[in-house]
1. Assuming 0.36 nm per residue, please report the length gained on full extension of the stretch E76 to Y45 beyond their Cα-Cα distance.
2. Note the per residue figure in Å³ for the convex hull of the C-alpha positions in the chain.
3. Are there any chymotrypsin sites (Phe, Trp or Tyr not before Pro) in region 2-42 that are in a DSSP loop and have at most 16 other Cβ atoms within 10 Å? List them by number.
4. Once you have the Cα-Cα distance between S57 and N4, take 0.36 nm times their residue separation minus that, and quote the gain in nm to one decimal.
5. Which whole-Hz ³J(HN,Hα) couplings does region 8-13 yield from phi under the Karplus relation 6.51 cos²θ - 1.76 cosθ + 1.60, θ = phi - 60°, glycine and proline marked x?
6. About the Cα centre of the chain, what is the dipole size in debye to 20, counting +1 per Lys and Arg Cβ and -1 per Asp and Glu Cβ, all else neutral?
Amino acid sequence: MPKNYQCCIYVTLRPSVLDPAGTAVESGLKQLGYDTVAGVRIGKYIELTVTAADETSARAQLAQMCDQLLANPVIENYRFDLHCQSGDRG
């Protein structure tokens, strides 16, 4: 029986890619007096629900979604967490 998995996807720029948005935020924080801030990087956070036969299938679907649309594999890295939604465990 298929199960619903709540997915949290984190997309970030690769370390080798310049991050002008991160630089701007870091500058703004320092102007506000937060002098201890360094290395700000901006990314994306995506939540979605996937229905799959099992966790392995859900992970495979998520990897395909990230590779094909949600992340640009040339300049971005991604990782995701998923959890079986309550009521779908048995």
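All of the numbers you see were taken from the coordinates with simple rules; none came from a lab. As the structure is a prediction and not an experimental result, all values here were calculated from the model. Because the Cβ atoms are built from the backbone with ideal geometry, glycine has one as well, and the counts that use them run over all protein chains shown.
1. Numbers: separation 31, 0.36 × 31 = 11.16 nm, distance 1.27 nm.
So the chain would gain 9.9 nm between E76 and Y45.
2. On the way: hull volume 10.3 nm³, N = 90.
Dividing the Cα hull volume of the chain by its residues yields 114 Å³.
3. Working: sites: Y5, Y10, Y34; in loops: Y34.
In loop regions of region 2-42 (DSSP not H, G, I, E or B), the sparsely surrounded chymotrypsin sites (Phe, Trp or Tyr not before Pro) are Y34.
4. On the way: separation 53, 0.36 × 53 = 19.08 nm, distance 1.13 nm.
So the chain would gain 17.9 nm between S57 and N4.
5. 10, 10, 10, 10, 10, 5
6. Working: 8 positive and 10 negative charges, 5 e Å.
Once rounded to the nearest 20, the dipole reads 20 debye.
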